[in-house]
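Worksheet: the structure to be examined is printed underneath.
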Amino acid sequence: MPPSTAVAEPEGPNNAAATLCAEFPPAGPVPGDVEGWWNATPADEDGTVIEDPARWPEAKMAEHPRVALVATDTGDVISTWDRVACGQDTSYRPLLQDDWPQGAIVIVDMDTNELLDVAAPDER
């Protein structure tokens, strides 16, 4: 089943008038990956996928449609979640920042390099 899409205008330098995916294509497990708002499927209380980004329960999903999980000690990209391309972005390379917590997996906006969240200690 192809991923659901909806039209939105997320904030960000490269995402004006982009079509955002509500669901990502199925993927196998990625070592070190964790789940959160960045890779979740927005759904209503009945479990129906919400395709309209304006109605997504977590506004960050539309505000930051392209995120990466990065191991701060090594700079390794664990996974990327790109709601514009509706999949992974294998070309993304992070720009590590000194103020990012060491020994952690961080959630980073791929377009702005903004630190959005700390997902977990890096236990890979």
On full extension of the chain, what length is gained from V30 through D52, given 0.36 nm per residue of separation minus the C-alpha to C-alpha distance? 5.1 nm
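Please state, rounded to one decimal and in Å, the Kirkwood hydrodynamic radius that the range 44-92 gives when every pair of distinct Cα atoms enters the mean of 1/r. Present the calculation step by step, with values, prior to reporting the outcome.
Values: mean 1/r = 0.0803 Å⁻¹.
It is 12.4 Å.
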Principal axes first, then extents: for the Cα atoms of the range 37-120, list largest minus smallest coordinate on each axis, whole Å, largest first. 41, 23, 18
Label point distance in nm, A59-D44, each placed 7 Å from Cα along Cα→Cβ: 2.2
Burial-style ranking of 65-75, 91-101, average other-beta-carbon count within 10 Å with highest first, yields 65-75, 91-101
Per the 1.4 Å probe, what fraction of the accessible area of the range 37-120, in percent, lies on carbon and sulfur atoms? 45
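Enter the accessible area per residue of the range 37-120 (Å², integer; probe 1.4 Å; all protein chains in place).
Numbers: 4050 Å² over 84 residues.
The answer is 48 Å² per residue.
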Coil-residue GluC sites (Glu not before Pro) of the range 20-124, DSSP, other Cβ within 10 Å capped at 15: E35, E45, E58, E114, E123
Projected onto the charge dipole of the range 37-120 (+1 at Lys/Arg Cβ, -1 at Asp/Glu Cβ, origin at the Cα centre), which of V77, P101, P65 gives the Cα projection farthest towards the positive end? V77
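The values are calculated or read from the model by the stated rules, or taken from the named source; none is laboratory data. Being a predicted model, the structure only gives us computed values, none of them experimental. Backbone-built Cβ (ideal geometry, glycine too); neighbour counts: all protein chains shown. Accessible surface is based on the protein model in full, side chains and every heavy atom, while ligands, DNA and RNA are left aside. Shrake-Rupley method; radii C 1.70, N 1.55, O 1.52, S 1.80 Å.
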